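Quick note: the coordinates plus some simple rules give every number you see, no bench work behind them. What you are looking at is a predicted structure, and each value in this text was computed from that prediction instead of being measured. As a convention, Cβ positions derive from the backbone with ideal geometry for all residues, glycine included, and neighbour counts pool all protein chains shown.
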Amino acid sequence: LERSPLRRLVELVARPGLLSLAGGLPAPELLPAEAHADAAAAVLRQDPRALQYGPPHRPLAAAIVRLLARRGVVADPSSILITTGAQQAIDIACRLLVEPGAAVITERAVYGGIRQSLAVVRPSLSVVGTDLEDGMDVDALARLLEGGVRPSLLYAISDGHNPCGVELSPDKRHRLVELSRQYGFVIVEDDAYGLLSYGAPFAPPLLALAPERVIYIGSLSKILAPSLRVGWMVLPACLYQAAMRIKEAIDLETSALNQRVAARLLAEPQLEAHLTLLRRSYAERLAAMLSALAIHFPERARYTRPRGGMFVWVELPPGYGDTWALLERAIAEENVAFAPERCFAMATPSGRALRLSFSTASPAEIEDGVARLGRLLAGSTRQQ
Ligand SMILES: Cc1ncc(COP(=O)(O)O)c(C=O)c1O
């Protein structure tokens, strides 16, 4: 296992006073601390099973079914495996589906957690690009399949893509599912950001189109708190028991206390009010970032215009050097940070891309941070 570049990034950006657009964290002031305190106190006073070993908490599975309904998915509680965060679900999916040397396909730039889980099972990895307008390059995927690649697992982030901020177009969703049926591979769909849409809701996930071909992964980290460590998988019936045995081998079960707290926090109507607050706040930050990019970034920079999630992906025109080196200069000269492409690269990166997070800084800080980066970029071209 190599050290993740994201960990190195975390150290780099830990400097006090640094304006960071690098992290992928939810805004701390939007985590419902009071509601957590009330829910935890009630659970601890009223439910002695909260401190014990125990079976999965059924009311939580029922609450997850309701969350899935918000995403346009009809799911049965018996298909849901509660996990310790989405990261554990990714890990279980990799152990379940991938033998050493088996083919796996991901996009060239994706959430680094999949790389860590794949490193353990040592697959033969192929990558496809991501179109900044409509997501995964499904034509490139079709070419790989026609060329004889037979993946055991394809990893997809259909909505609120980390790091690219794109969403997969409806047409591509259908084609992807058709390919999975034609060539018999399983899609692992990571929907950690699916409830964070800032206009019309996202289209239903791939799970809604092909429940028999998709292992779907969800998480409460981005809407309730990462520290709850509550996520879930929705599995086809034939894979459920094996996934559960892997989960039990890893940690027996997800914290009984946290499962109960989570179930309470997902009760209506508080949940709707909380999601509305999150969406309104993140929408403002996203708007601030997009208008700042239009003003301060080089005209030839290309970037995504997300409708949800927490990230904007920027591809710089040639001439600015590698974005890892640019990050070091951004910190030293402008006291501002972003996440360079290398943190997400599953194959040799172009070196010209970077991820900006709009989740934790205020709209004013975002405007300021993007302006500082724009100044650095303008200075870089003058030097050359
Ligand atoms: C796409 C994606 N999947 C999974 C995770 C991990 O989520 P969790 O905290 O539920 O383990 C993250 C966290 O940033 C993420 O961005």
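Using Cα pairs under 8 angstrom and six or more residues apart, how large is the relative contact order of the chain, in percent?
Taking the mean separation of contacting Cα pairs over the length of the chain, I get 25 percent.
What's the exposure ranking of D368, D191, going from fewest to most Cβ atoms within 10 Å?
Least to most surrounded, the residues fall as D368, D191.
For a quick protection proxy, order the peptides 157-166, 294-303 by their average other-Cβ count within 10 Å, most packed first. Mind dumping the intermediate values first?
On the way: 157-166: 27.5, 294-303: 14.4.
Listed from highest to lowest mean packing, they are 157-166, 294-303.
Just rank E268, E365, E328, fewest to most, by other beta-carbon atoms within 10 angstrom.
Taking fewest neighbouring Cβ atoms as first place, the list is E268, E328, E365.
Counting other beta carbons within 10 Å of each residue's own, what order do I246, I217, I82 fall into, fewest first?
Exposure proxy ranking, most exposed first: I246, I82, I217.
Which ³J(HN,Hα) values, rounded to whole Hz and listed in residue order, are derived for segment 185-200 from phi using the Karplus coefficients 6.51, -1.76 and 1.60 in 6.51 cos²θ - 1.76 cosθ + 1.60 with θ = phi - 60°, glycine and proline given as x?
Along segment 185-200, the couplings run 10, 9, 9, 9, 9, 9, 10, 4, 10, x, 8, 9, 10, 10, x, 5 Hz.
Amide H to amide H under 5 Å from Y198: which residues, 5+ apart in sequence or cross-chain, H placed 1.01 Å off N in plane?
G308
What ranking do 342-351, 218-227 get when scored by the average of other Cβ atoms within 10 Å per residue, highest first?
Going by the mean number of other Cβ atoms within 10 Å, highest first, we get 218-227, 342-351.
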